[in-house]
Every structure is written in structure tokens, then in C-alpha cells.
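Presented below is the structure to which this report refers.
Read-outs: derived from the displayed coordinates by stated rules, not from any lab. What you see is a predicted model; the values in this text were computed from it and never measured. Don't worry about glycine lacking a Cβ; one is built from the backbone with ideal geometry, like all the others, and counts go over all protein chains shown.
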């Protein structure tokens with residue numbers, strides 16, 4: 001057996017054999033892959049996932065300023081509708097591919113292979129678009145891009161949650177999700193500039209180069225489940241000392257008794273549970289006993305996760321009010337964001353006479369604040385809970401959706417639009433964190449399942465949003481105002497749902513408990529008869545009239 005392993009390692013590099021093997025090696029320390037600690041660390045995985053999201057959004061948005069001119073050059077008419085169908089094809093591919101991708105990733109407990117397949121198909125779709133001789137080939141390429149995007153979002157976010165301790169999930173997701181506005185910030189201006197200077201193929205070549213850089217990062221990653229079989233737990237690389245850990249009274253996301261309940265029910269082991277069992281710091285110098293313990297726990301954890309069918313996963317998610325509300329809020333976000341994004345250039349041109357280049361500058365002014373809102377909201381949701389941050393961001397975004405209706409000075413619109421985008425986009429990090437927490441409490445539901453639901457909801461929202469926005473703006477006399485009022489109504493619904501059901505302890509439950517406690521503490525407050533029934537029964541004396549229980 002030893003001879004065969006040695007001969008295999010001579011043919012293939014160690015990191016490649018560890019990539020394809022999910023079984024623990026016989027010699028943990030001597031045969032470790034090079035760079036195991038940093039390649040499997042939470043921060044490196046966060047960086048690669050963030051790069052993947054940025055790449056996906058660059059490839060998605062870099063063609064937006066290119067399609068109209070290229071379709072006109074090819075002799076097509078009704079170009080705006082054709083561009084809309086291309087965007088719809090992308091969303092359609094994303095929506096329909098999400099369920100099988102989520103099922104496959106959890107069924108076979110793999111993350112890296114779907115990510116690599118997604119990047120390969122992304123490169124292929126860009127080559128198809130670059131060389132497309134007709135419109136239907138372009139539409140097929142956009143469908144493939146949507147499938148690739150689904151792999152990036154579903155599997156990459158699940159990979160990040162696999163590695164991150166539960167109490168830091170929001171922060172890491174927020175940092176990774178900042179790649180979304182960054183990609184939107186880079187894509188359109190770079191695509192327009194390359195197209196005007198170097199021609200139609202230039203934007204796609206740029207996208208292929210960026211995708212290859214992402215491939216390198218995906219190849220370097222060592223999955224947490226594989227790293228643990230080598231005696232290294234990635235969650236140890238991020239957990240601080242006991243003195244620096246957030247206390248339970250300081251608003252920790254999940255209470256210790258809830259974590260104990262989760263583990264006692266046999267739910268999928270989370271990295272934080274492993275981290276709490278080891279006081280030593282991570283690194284290559286970990287003791288043999290510690291490495292052996294981590295390997296044994298990894299093997300045990302692999303057998304505790306109950307595999308269920310995709311239909312059972314959907315039923316479990318639909319039975320959880322917390323999951324349903326989170327998915328509904330993601331759907332609302334997708335509709336409001338994409339419906340407004342579609343008609344912003346037309347509104348700016350109609351009211352202030354801005355051309356496409358100046359409208360792009362206004363769009364950049366709105367995207368830049370989002371780079372900071374996502375990490376900040378993720379960090380705050382870890383320390384204070386998703387219920388507070390989601391509710392606060394939605395409430396604070398509401399007035400700015402009304403202010404953008406005002407057709408006064410352009411400066412007022414830009415400031416209002418930027419603040420509106422800051423608070424509205426900030427809800428994404430708490431919502432993605434909320435799905436991660438929910439998935440740990442539903443037996444048989446994994447991270448890929450949860451983010452499959454996220455991708456499905458956002459894909460449907462971004463599919464429906466542009467249609468709603470375009471129809472209202474075109475057929476209603478004051479279309480922009482009607483669209484903004486619709487967004488205010490949807491966000492008000494999201495605020496109500498978040499107040500009642502979001503978080504481990506929803507805000508409604510908190511306030512009701514606080515109200516009952518204060519009412520019970522008032523002088524002369526009535527006492528529950530259950531509390532006084534037993535003492536009265538035991539007492540043979542007649543209570544006095546001054547007894548506060550009367």
C-alpha cells in the first residue's frame with residue numbers, strides 16, 4: 001500500500017492528488033500539501049470567492065454597452081428589445097441551473113470541481129459571444145454564462161461558509177460580496193472603452209484574461225473538508241484568543257445553548273464547533289495529537305450529514321418561516337434593484353439631458369458606497385444579529401427612494417441615489433448570513449442548498465425586475481415616480497417580514513418580551529394565577545387585603 005502511494009506521488013504533485021482524494025492520508029505531517037495553511041485559510045478562500053464574484057460581474061456587465069452597437073452593426077432592428085432578451089437569457093440560465101448545481105454540490109460533497117467547471121464554461125461562453133455569427137448563438141452563449149454564474153454564486157458561497165466559523169460568517173460574506181459592486185464598477189466603462197478603441201473582440205479577451213486569473217485561485221484552494229483530513233482545521237486560522245472572542249452578552253449571533261442543541265440533533269458539523277475544542281493556535285507546527293483529532297472529527301462529520309432529496313430540501317426550506325422570509329427579501333431586493341437600474345439612464349436623459357457617458361458617472365457615484373456597505377453590514381450582523389441590521393438598513397433606505405422622485409437639482413438626485421444604494425445593498429450580507437445560519441438548523445440542508453435558494457430568488461427578481469421597470473416607465477405618465485412608489489411598497493413589505501421573522505430572536509419577539517417584562521415589573525401588576533396557585537393551596541391562613549397578589 002505504501003509503495004503504491006509513493007509511486008503515485010512521483011507521477012502527480014501532492015496538491016493534485018490531495019485535490020482528487022477525500023480520504024485522510026496515513027501520515028498527516030510528512031505528506032502535507034505545500035502551503036496547506038494559507039491555501040485552506042479562511043482569508044484566502046474569502047479572497048478567491050470575492051475575486052470570483054468580481055469576475056462574474058465583470059463578464060456579465062462588460063457587454064452591456066457593447067451589445068446595442070454590435071447588433072446595429074449586424075443589421076438588426078428593435079435593438080433595445082433584443083438586448084433585453086439577451087439579459088433575460090442570462091437570468092434564465094442562472095435560474096434553471098441553480099437547483100441541480102446545489103443538489104450536486106451537496107450530494108457529492110464537492111466544491112472545487114463545480115467551480116472549475118463553471119469557469120471553463122464561462123471562458124467558452126465568452127469565446128462563443130466573441131465569434132457569434134448570429135443572434136441565436138449570442139443568446140445561447142448568454143444562457144451558458146448564466147449557468148456559469150450559478151456555479152460561482154451557489155458553490156463559492158457554500159465553500160466560504162464551510163471554512164468560516166459561524167460567528168464570523170457575516171463578516172467574511174460581506175467582504176466577499178463587495179466583489180459585486182466592484183465588478184459592476186469595472187465592467188461597463190472598461191467594456192465601452194475597449195470596444196470603442198480596439199473593436200468587438202477586445203472586451204471578451206479582457207474577460208477571458210480575468211477569468212484565467214480566477215482559475216489560478218480556484219486551483220490553489222484546498223477545500224476545508226480535505227484540509228481537515230490532513231490535520232489542519234481552517235476555522236482555527238481566524239478564531240482569535242478567548243479574550244478577543246465576542247461575548248454572548250455582546251450580541252453573538254448564535255447563543256451557546258442553541259449551538260449545543262444543533263450539535264445534539266446531529267446537524268452538520270460547523271467549523272466553529274471544531275475550533276472551540278482546540279485552544280492551540282493554527283499552523284504547521286500543530287501537534288500530532290491535535291492533527292489526529294482533527295482528522296478523526298473530519299471523518300466523523302462526513303458521516304453525520306443526512307443526504308435528502310432535492311424535493312425534501314425544498315419542503316424543509318418552505319416549512320421554515322425564517323428561510324421563507326429571507327428568500328422573499330432577496331426576491332424583493334432583486335426586483336427593486338434591477339427595475340430601477342434598467343431605466344436610470346432614460347430618466348437622467350429625460351429630466352437632465354445627460355448622455356450615456358454622464359449617466360455612467362452617476363451610476364459610478366451610486367456603486368462606490370456599496371463597496372463599503374456590504375462588509376460593514378456583514379460585520380455588524382455578526383456582532384448584533386441579522387435581525388437588527390436588516391431591519392435598520394431597510395428602514396433607512398426607505399426615505400431616499402422617495403427623495404429620488406424629486407426632479408430638482410441633479411446634485412440632490414445623485415446624493416439621494418448613492419445613499420439609497422448604500423442602505424439597500426447593505427441588506428445582502430445579513431441575508432446571506434441568515435441563510436447560512438438557517439441551513440445549520442435544518443437536518444439534511446447544506447450551504448449549497450441554502451445559496452441555491454438565494455440564487456434562485458435573486459435570479460427570478462433580476463429576471464422580472466427589468467420587465468416591470470421598463471413597462472411602468474414606458475406606459476405610465478409619470479413612470480419614474482410609479483416605479484419608485486412600487487419599490488417603497490415592496491421594501492415596506494420586506495421591513496414588516498424582517499421585523500416579525502428575521503433572526504434567532506426576531507425584533508417582534510424581543511419587543512413583546514420587553515413589554516411583558518416591564519408590565520410585570522410595574523407596582524400593583526397582576527400576577528399570573530399559575531404562580532400563586534401553589535402557594536395559596538399550601539397556605540392555611542387567609543391572605544390579607546394588602547397582599548400584592550390580590
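Per the Debye formula on identical point scatterers at the alpha carbon atoms of segment 46-153, with no solvent, log10 I(q)/I(0) at q = 0.11, 0.21 Å⁻¹ is -0.36, -1.09. When the square roots of the Cα gyration tensor eigenvalues are ordered a ≥ b ≥ c, the ratio a/c for segment 459-511 is 1.5 or more and a/b does not exceed b/c, which makes its shape oblate.
Exposure proxy shown here: for 127, 495, the number of other Cβ atoms within 10 Å sets the order, fewest to most, as 127, 495.
Remark: 396, 512 ranked as 512, 396, counting other beta-carbon atoms within 10 Å and listing the fewest first. A straight chain from residue 212 to residue 364 at 0.36 nm per residue would run longer than the Cα-Cα distance by 52.1 nm. Assign one of three labels to segment 53-95, namely rounded, prolate or oblate, based on the Cα gyration tensor with a ≥ b ≥ c the square roots of its eigenvalues; rounded applies when a/c is under 1.5, prolate when it is not and a/b is larger than b/c, and oblate otherwise. Oblate is the answer for segment 53-95, as a/c is 1.5 or above yet b/c matches or exceeds a/b.
Dividing the radius of gyration of the alpha carbons in segment 116-234 by their Kirkwood radius gives 1.05 for Rg/Rh. Between the beta carbons of residue 220 and residue 193, assuming R0 = 30 Å, the FRET efficiency works out to 0.45 to the nearest 0.05. Segment 392-421 and segment 66-122 have their alpha-carbon centroids 32 Å apart. Size estimate for segment 307-515 follows the Kirkwood approach: the inverse of mean 1/r over distinct Cα pairs works out to 17.9 Å. Taken along the Cα-to-beta-carbon direction at a fixed 7 Å, the label points for residue 403 and residue 43 span 3.7 nm.
Among 66-73, 148-155, 55-62, 502-509, sorting by the average number of other beta carbon atoms lying within 10 angstrom of each residue, highest first, gives 148-155, 55-62, 502-509, 66-73. For the pair segment 214-240 / segment 449-469, the C-alpha centres are spaced 30 Å from each other.
Cβ-to-Cβ counts within 10 Å put 463, 140, 161 in ascending order as 140, 463, 161, the fewest first.
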